[in-house]
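The values are calculated or read from the model by the stated rules, or taken from the named source; none is laboratory data. A quick note: this is a predicted structure, and the numbers were derived from the prediction, not measured. Cβ placement follows ideal geometry from the backbone for every residue including glycine, while neighbour counts extend to all protein chains displayed.
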Amino acid sequence: MKKMKKVFSVIMVIVMCVVLFAGCGTQKEEKGETGKKKMKVVYMPRTLEEMYGVWLNDTFKEIAEKKYGDFFEWSVIELGNDATKVPDAVENAIVQGADIIIAQLFLTDYTEIVQTCVDENVGFIGINMNREEISSVTANVAVNEFDLGCCVADYMAQNLPENAKILLLNGPSGADATIDRRRAVMEHCIDVRPDITILDEQYADFDKNLAMNITEDWLQTYDQIDAIWAASDGMTTGAIEAYRSSGVDTKNTMFFGIDGLTEACQSIVQNEMTASALQDAQLYAELTLEVAYDIYTGEREMNEPGKFYIEPSLVDASNAQELLDRYTELGLIK
Amino acid sequence: MKINPLQLKTHGSYTRFRKILAEYGIFFITLGLIIICSFLHENFLSSRNLLNIARQISVIGLLTFAEAVLLISGQIDLSVGAAMAVSGVLAIDIYTATNSIILGTIGGILIGIIISTINGLVVSRLSIPAFIATLAMQMAARGAILIYTGGIIKSNIGEFRTIGQGYFGQIPIPVIILLVSAVLMWILLEKTTIGRKLFACGGNVDAARASGINVKNTILFSYIVAGALTGLAGALQMARLNSSLPTAGEGFEGTAIASAIIGGIAFAGGEGNIWGALIGALIMGILSNILNLMSVNSYMQDILNGLIIVAAVALDLRSKRGKR
C-alpha cells in the first residue's frame, strides 16, 4: 500500500511538471494574409440565453470571420447574465493574451476594470454602456436609450386618439433603460399632447408574467384604455395576453413596446401590437468591429475615449414582416 | 372548592371558540382580508375580478400544492420554477409535433415527474439534503432549457393556449384545473394510506421508520406527485402566456413555499392540509390584486406583501398555540 502511494505521488509530480512546462511553451503566433500578427479579440456577451444576446453574438461572429478573418482571432467568454463575473472574465481574457476585449456589460460602474485593461495595454470596447465614466476612458458603442424611446413616443404622439387614456409598464426601477425610455414618452408624447391622460404606471421589471398580471388587474379598474406602452416588447405582449385571458378585445387598445424582436414583429403582423423600436444587432456589430479594426491598423489609439451611437429604428406594420423574414433567415425563429 | 356551572359553561365555549379559531384561523384571516378589500375598491368583489384572481393564482396554486406535499413529508423543492420552465417548453414542443393538447399536457406532466423523480432519488437514495439536491437541479434544469432553446422564445403557440386562457362556461379552464387538482390532492393526503405515510414521514421520520413505513419510497413518492403538479403548472403557464418562455418561473419556488407556509403547512413537516395551501395561494393573489387595483407602486407592494405575510403567519401560529 505504501509502495502504491509512492508510485502514485511520483506519477502526480511528473504530470504536474509536464503540465507546467507545457504552459510555459511558446505560443505559435497566428498571422494574417498581410503578414501582420492577428489581433486576439475576446467578445463578452452578457448572456447567450436570450434572443437578443444570441443575435448579437451570431452577428459579431459572422462579421468578424467574414470581413475581418485575416485580422482578428475571435473568441467568446460568456458572462452568464451575472455582473459579478465581469472582473474575473476580464482578468482571464488578459491572461489568455487578449489584445482587445469587446464587452456587453451590465448597469454597473466598470471604470476600474477598464482602467486595468488600459494599464495592461489591452483595448476595451464597451457595448451599450450608457455611462459617462466609461466613455471617458475608452470607446463605447451604444444606442441612446432616450432616442430609442423617442422612436415610439413620437409615433404615439402622432397616432393616439384625442383625449387618449394610457397605461405605462416600466422596466426595473433605477435602470438607465427604464429612466430614459420613460422620459422619452413624457417629453415626446405626454408633453406635446396634453390631452393624453396617464391612468396608472407600474414597474413590471421586463417580466412578461408580471406585466400580464398587472394588466389583468388594470382591466378590472379602467373601462377605457386607449393604449398601453411598455419599456420592453415582452411586457407589451404580456399585456396583450392579459386582454385575451380576460376575454377583452384588443382592437380598442393600441400596444407599444421597445426591442422590435420576433415576438413584437409577429404581434404587429397579426394587428395586435402597434409599434416598437429596434436596436439592430447588425449595426452594433458593424460599428464595434470597425472601431476594433481601426485600432488594429493604428488609425485609432488603443483606448482612445469615444462614444459611437447606432441609430434606432421604428418597427410598425410597414416593416415588421420584412424583419420577421430576416429573423427567420438568421435562424432566430424556429 | 365550589365550581360555578355558569363559569364552566363560559369556559367551555371559550375553549371551543379557541379550537375553531385554531383550526380555521387562516380561513378567518382570508375572510377578513376579503371584507377589508371590498371596502378598499368597489370592483374588488365583482365576479369578474374574483375570477381574475382565481385565474392569476392557478399556476402558483399548483406549485403551492407541490411544495405542500413535499413540506408535509419533510422535504422541500427549490427547483420547481426551473422544472416548470422545462416542462412547459417541452409540453409546447410536444404539442407542436403532435397537434394534441392532451399529449402536450401529459408530456409536460411526465417531464415534471422525470425531473422531480431525479430529485427524489438523489434525496432518498443518496441521502443528500433536499435543499442541496433541488438547488443543484434548479441550476441544471435552468441551464439545460436555455441550451435546448438557445434562449429563443416561441410566441403564438396555437390552440394550446386554450388550457391557459380558455373558459368552460363562465369559469376559466386554469381555475377548473386548479380545483380538480386540489380535490385529487385532498383525496391523496386525507383518504389514502400513502397520504398518512407522508404525514408520518414529515412528522417524525424515525417513528415512521420504526412503525414499518418504507421512508425512502414514501419520500420518492412525494417528489413524483410534486413533479406531476409542477409539470402541469409548466404547461398551464406557457398556455397562459401564449409563449414557450425558457426563462419562465424564476423565483416562483419562493412564492410557492411562502403560500404553503401561509396556508398552515408546517415548515418542519407533518402538518397541514391542501385547502390551507390553496388559501395561502389565494391570500397572495388577493394582496397582489388589491394593491394593483389601488395603483400602489409595485415595489411598495413587495414591502406590504412581506409585512402582511409575516402578520398572517404570526396570527396563524398564535391561534395554533391556543389549540395546543
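Return a yes/no flag: does segment B:290-305 have any residue that is polar (S, T, N, Q), without any contact (Cβ under 8 Å) to a residue 40 or more places away in the chain, surrounded by fewer than 23 Cβ atoms within 10 Å (Cβ to Cβ) and outside any helix (DSSP H, G or I). Yes - at least one qualifying residue is present in segment B:290-305. If you go through segment A:224-270 and keep only what is surrounded by fewer than 20 Cβ atoms within 10 Å (Cβ to Cβ), part of a helix (DSSP H, G or I) and more than 8 Å from chain B (Cβ to nearest Cβ), you end up with A:Thr250, A:Lys251, A:Asn252, A:Val269. Among the conditions (1) over 23 Å from B:Pro174 (Cβ atoms); (2) facing another protein chain (nearest Cβ under 9 Å); (3) in contact (Cβ under 8 Å) with a residue 60 or more places away in the chain; (4) not hydrophobic (A, V, I, L, M, F, W, C), the only one that B:Gly270 does not satisfy is (2). Kindly evaluate B:Ile20 against the criterion of being crowded, with 16+ Cβ neighbours inside 10 Å, of a type outside the set (S, T, N, Q) and more than 10 Å from chain A (Cβ to nearest Cβ). No: the conditions fail for B:Ile20. Just so you know, in segment A:62-83 the residues that are more than 12 Å from A:Gln104 (Cβ to Cβ) and within 14 Å of another protein chain (Cβ to nearest Cβ) include one that is surrounded by the most Cβ atoms within 10 Å (Cβ to Cβ), and it is A:Gly80. State whether one or more residues within segment B:231-240 are in contact (Cβ under 8 Å) with a residue 24 or more places away in the chain, within 14 Å of another protein chain (Cβ to nearest Cβ) and touching an Asp or Glu at 6+ places or on another chain (Cβ under 9 Å). Yes, segment B:231-240 has at least one match.
Condition first: touching a helix residue (DSSP H, G or I) at 6+ places or on another chain (Cβ under 8 Å), within 25 Å of B:Met137 (Cα to Cα), surrounded by fewer than 22 Cβ atoms within 10 Å (Cβ to Cβ) and charged (D, E, K, R). Can you find one or more residues in segment B:247-262 that meet it? Looking through segment B:247-262, at least one residue is touching a helix residue (DSSP H, G or I) at 6+ places or on another chain (Cβ under 8 Å), within 25 Å of B:Met137 (Cα to Cα), surrounded by fewer than 22 Cβ atoms within 10 Å (Cβ to Cβ) and charged (D, E, K, R). For segment A:141-170: of the residues being in a loop (DSSP other than H, G, I, E, B) and touching a strand residue (DSSP E or B) at 6+ places or on another chain (Cβ under 7 Å), which is farthest from A:Ser313 (Cα to Cα)? Residue satisfying both the conditions and the ranking: A:Ala164. Considering segment B:18-63, and only residues there that are among the small types (Gly, Ala, Ser) and in a helix (DSSP H, G or I), the residue that is modelled with the lowest pLDDT turns out to be B:Ala22. Of everything listed in (1) in contact with a Leu (Cβ under 6 Å, 6 or more places away or on another chain); (2) within 14 Å of A:Met254 (Cα to Cα); (3) within 13 Å of chain B (Cβ to nearest Cβ), the single unmet condition for A:Thr215 is (1). The single condition among (1) more than 28 Å from A:Met212 (Cα to Cα); (2) within 14 Å of chain B (Cβ to nearest Cβ) that A:Ile333 does not meet is (1).
Of all residues in segment B:23-61, which are charged (D, E, K, R), within 14 Å of chain A (Cβ to nearest Cβ) and touching a Lys or Arg at 6+ places or on another chain (Cβ under 9 Å)? Spell out how you get there, then give the answer.
Taking segment B:23-61 first, the residues charged (D, E, K, R) are B:23, B:42, B:48, B:55.
Within this subset, residues satisfying the condition of being within 14 Å of chain A (Cβ to nearest Cβ) are B:42, B:48, B:55.
B:Arg55 - this is the single residue of segment B:23-61 that is charged (D, E, K, R), within 14 Å of chain A (Cβ to nearest Cβ) and touching a Lys or Arg at 6+ places or on another chain (Cβ under 9 Å).
Among the conditions (1) without any contact (Cβ under 8 Å) to a residue 24 or more places away in the chain; (2) under 25 Å from B:Gly88 (Cβ atoms), the only one that B:Thr247 does not satisfy is (1). Within the span defined as segment B:165-182, one or more residues are within 20 Å of B:Thr117 (Cα to Cα) and more than 14 Å from every other protein chain (Cβ to nearest Cβ).
Taken as a whole, segment A:266-287 holds at least one residue that is within 30 Å of A:Phe71 (Cα to Cα), touching a residue at least 40 places away in the same chain (Cβ under 8 Å) and out of contact with any Ser or Thr (no Cβ under 9 Å at 6 or more places or on another chain). In the condition set (1) modelled with pLDDT of 90 or more; (2) surrounded by fewer than 16 Cβ atoms within 10 Å (Cβ to Cβ); (3) within 22 Å of the chain's Cα centre (by Cα), A:Tyr309 is compliant with all but (1). With respect to (1) in a helix (DSSP H, G or I); (2) within 19 Å of A:Gly234 (Cα to Cα); (3) of a type in the set (Phe, Trp, Tyr), the lone exception for A:Tyr293 is condition (2).
For (1) surrounded by 17 or more Cβ atoms within 10 Å (Cβ to Cβ); (2) at pLDDT 95 or above, each residue gets a yes or a no:
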| residue | (1), (2) |
| --- | --- |
| B:Gly81 | yes, yes |
| B:Thr98 | no, yes |
| B:Ala133 | yes, yes |
| B:Ala140 | no, yes |
| B:Asn156 | no, no |
| B:Thr162 | no, no |
| B:Phe168 | no, no |
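Only residues that are at pLDDT below 85 and not in a helix (DSSP H, G or I) were counted in segment A:125-139, giving 8.
Is it true that some residue in segment A:313-325 is assigned to a loop (DSSP other than H, G, I, E, B), within 14 Å of chain B (Cβ to nearest Cβ) and on the phi < 0 side of the Ramachandran plot? Before the answer, list the steps.
Applying the first criterion (assigned to a loop (DSSP other than H, G, I, E, B)) to segment A:313-325 yields A:316-319.
So of that shortlist, the ones also within 14 Å of chain B (Cβ to nearest Cβ) come out as none.
No, every residue in segment A:313-325 fails to be assigned to a loop (DSSP other than H, G, I, E, B), within 14 Å of chain B (Cβ to nearest Cβ) and on the phi < 0 side of the Ramachandran plot.
Can you name every residue in segment A:84-117 that is among the charged types (D, E, K, R) and either surrounded by fewer than 16 Cβ atoms within 10 Å (Cβ to Cβ) or not in a helix (DSSP H, G or I) (or both)? The answer is A:Asp88, A:Glu91, A:Asp99, A:Asp109, A:Glu112.
Yes/no per residue for (1) at the interface with chain B (Cβ under 8 Å from one of its Cβ atoms); (2) more than 20 Å from B:Ser244 (Cα to Cα); (3) surrounded by fewer than 19 Cβ atoms within 10 Å (Cβ to Cβ):
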position	(1), (2), (3)
A:Arg182	no, yes, no
A:Cys189	no, yes, no
A:Pro194	no, yes, yes
A:Ala211	no, no, no
A:Tyr222	no, yes, yes
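The conditions of being hydroxyl-bearing (Ser, Thr, Tyr) and touching an Asp or Glu at 6+ places or on another chain (Cβ under 9 Å) are not met by B:Ser87. The one condition from (1) among the aliphatic types (A, V, I, L, M); (2) part of a helix (DSSP H, G or I); (3) modelled with pLDDT of 90 or more that B:Ile213 does not meet is (2). Test A:Thr288 against the stated conditions and say whether it is more than 8 Å from every other protein chain (Cβ to nearest Cβ) and outside any loop (DSSP other than H, G, I, E, B). When the stated conditions are applied, A:Thr288 passes them. How many of the residues in segment B:223-274 are aromatic (Phe, Trp, Tyr) and either closer than 28 Å to A:Glu50 by Cβ or assigned to a loop (DSSP other than H, G, I, E, B) (or both)? Summing the residues that are aromatic (Phe, Trp, Tyr) and either closer than 28 Å to A:Glu50 by Cβ or assigned to a loop (DSSP other than H, G, I, E, B) (or both) in segment B:223-274 gives 2. Yes or no: B:Ile92 away from chain A (no Cβ under 14 Å) and either buried (at least 22 other Cβ atoms within 10 Å of the Cβ) or in contact (Cβ under 8 Å) with a residue 60 or more places away in the chain (or both)? No.
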